[in-house]
Amino acid sequence: MKIGVIGVGYWGPNLVRNLLSLKEPVGVICCDLNPQRLIYMKKRFPIVETTDNYQSVLNNPDIVGVCIATPIRTHYTMAKEALLAGKHVLVEKPMTDSSKDAAALIELAEQRNLVLMVDHTFLYTSAVKKIKELISQDEIGSIMYFDSVRINLGVFQHDVNVIWDLAPHDLSIMHYIIDEKPISVMAVGSKHFDGREDMAYITIQFESSLIGHFHINWLSPVKVRTILIGGTKKMIVYNDMESSEKIKIYDKGVDIKTEEMRYQVLVDYRIGDMYAPNLEQTEALSDLCEDFIASIQGKKKPLSNGLSGYEIVRIIEASQQSIKLARPIKI
């Protein structure tokens, strides 16, 4: 099996490394317009083939799938061409720069019975898998809020704003672990330097009382990667900057007293123990690549599929519209 990796600038080399390290033997062909990047990849991974011609990848019958790690503006066109050429596709997040294009890719992949995946790597981390497991087993109770902070100083992107750059990570996590569909989005953002939002706040409403909130920022003096999930039974703190104990579960919450005692005490605060579950030490991107290969072989349906990619783009689009119109947007 051969896989083409299109774009070997920033993220592409990580995909190549993990594809080559899979148990299932995979041949990799690197494609990039920059000859220096191809020279670098050949030195780092002598086993790979290289080319600067994307069409040659699509025309190669030995290549069964392509990984697209190029700027977002190219995702739709390149993924469409790959699907039309009969290739399975793994595309970097965000899936496309419009939900209309994302829906079109999903339809095309279904028509041709091809795999369409999006590189939402965080879904494959041990931490997020454990959070999903805890929620599915009802250990946390009904989810009341999902609160995310993803901030740092830079790196400023030249083709997208901070929402398109950072929000997909935590939006994809929320979409994965929460079964409810969002009904509206309210967002505010500010531009300080190059005409694109470099900080933003996104609030998502659900049909229940659940609320999602996302703080994303390129102008923070510190790097923070934290998610707080409040349940009616327990609460979770996920700190991705921790080398160990990334997840902490707190047996804390609020209990309403019975009707007979309502006039004495309205609320009882529950303060219990905290514990940090043991997490497997695996590389998320390796699991994602393995999922891609297994899906191509027909062994399973991909976890990070085209539909999840579409839903994330839809929320980001609504966020952009909300900032522009200064009002909530129904989705």
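The values are calculated or read from the model by the stated rules, or taken from the named source; none is laboratory data. Because the structure is a prediction, the values reported are computed rather than measured. Cβ sites come from the backbone with ideal geometry, for glycine too, and all protein chains shown count toward neighbours.
Restricting to segment 4-39, name every residue that is touching a residue at least 24 places away in the same chain (Cβ under 8 Å) and assigned to a helix (DSSP H, G or I).
Across segment 4-39, the qualifying residues are Gly12, Pro13, Asn14, Leu15, Val16, Arg17, Asn18, Leu19, Leu20, Arg37, Leu38.
Sort out which residues of segment 1-21 are surrounded by 16 or more Cβ atoms within 10 Å (Cβ to Cβ) and in contact with a Ser or Thr (Cβ under 7 Å, 6 or more places away or on another chain), and write them in order of number.
Within segment 1-21, Ile6, Gly7, Asn18 qualify.
Would you please list the contacts, defined by Cβ atoms under 6 Å and residues six or more apart or on different chains, that run from a residue in segment 233-256 that is closer than 16 Å to Leu134 by Cα to a residue that is of a type in the set (Phe, Trp, Tyr) and part of a strand (DSSP E or B)?
If the second residue must be of a type in the set (Phe, Trp, Tyr) and part of a strand (DSSP E or B), the pairs left are Met235/Tyr250; Ile247/Tyr238; Ile249/Tyr275.
Return the only residue of Ala187, Ala200 being within 12 Å of Ile315 (Cα to Cα), in contact with a strand residue (DSSP E or B) (Cβ under 7 Å, 6 or more places away or on another chain) and not assigned by TED's automatic domain parsing to the domain that holds Arg73.
Ala187
Kindly check whether there is at least one residue in segment 61-78 that is without any contact (Cβ under 8 Å) to a residue 60 or more places away in the chain, farther than 30 Å from Gln205 by Cα and small (Gly, Ala, Ser).
no
Quick test for you: out of Ser126, Ser148, Ser142, Ser136, pick the one residue that is buried (at least 23 other Cβ atoms within 10 Å of the Cβ) and either modelled with pLDDT of 95 or more or more than 26 Å from Val5 (Cβ to Cβ) (or both).
Going through Ser126, Ser148, Ser142, Ser136 in turn, the sole match is Ser148.
For segment 100-113, state whether one or more residues are among the hydrophobic types (A, V, I, L, M, F, W, C), part of a helix (DSSP H, G or I) and within 23 Å of Gly231 (Cβ to Cβ).
The answer is no; no qualifying residue exists.
Is there any pair linking a residue in segment 146-171 that is closer than 12 Å to Ile227 by Cα to one that is modelled with pLDDT under 95, with Cβ under 7 Å and at least six apart or on different chains, and which?
That search, which allows pairs on different chains as well, returns nothing.
Give segment 177-188 a look and list any residue that's surrounded by fewer than 21 Cβ atoms within 10 Å (Cβ to Cβ) and either modelled with pLDDT under 95 or in contact with a helix residue (DSSP H, G or I) (Cβ under 7 Å, 6 or more places away or on another chain) (or both), or say none.
Once the filter is applied, which keeps residues that are surrounded by fewer than 21 Cβ atoms within 10 Å (Cβ to Cβ) and either modelled with pLDDT under 95 or in contact with a helix residue (DSSP H, G or I) (Cβ under 7 Å, 6 or more places away or on another chain) (or both), segment 177-188 yields Asp179, Glu180, Lys181, Met186, Val188.
Does Val48 satisfy the criteria of being in contact with a His (Cβ under 7 Å, 6 or more places away or on another chain) and surrounded by fewer than 22 Cβ atoms within 10 Å (Cβ to Cβ)?
The answer is no for Val48.
Tally time: how many residues in segment 184-206 are in contact (Cβ under 8 Å) with a residue 24 or more places away in the chain and either in contact with a Phe, Trp or Tyr (Cβ under 6 Å, 6 or more places away or on another chain) or hydroxyl-bearing (Ser, Thr, Tyr) (or both)?
Adding up the residues that qualify gives 4.
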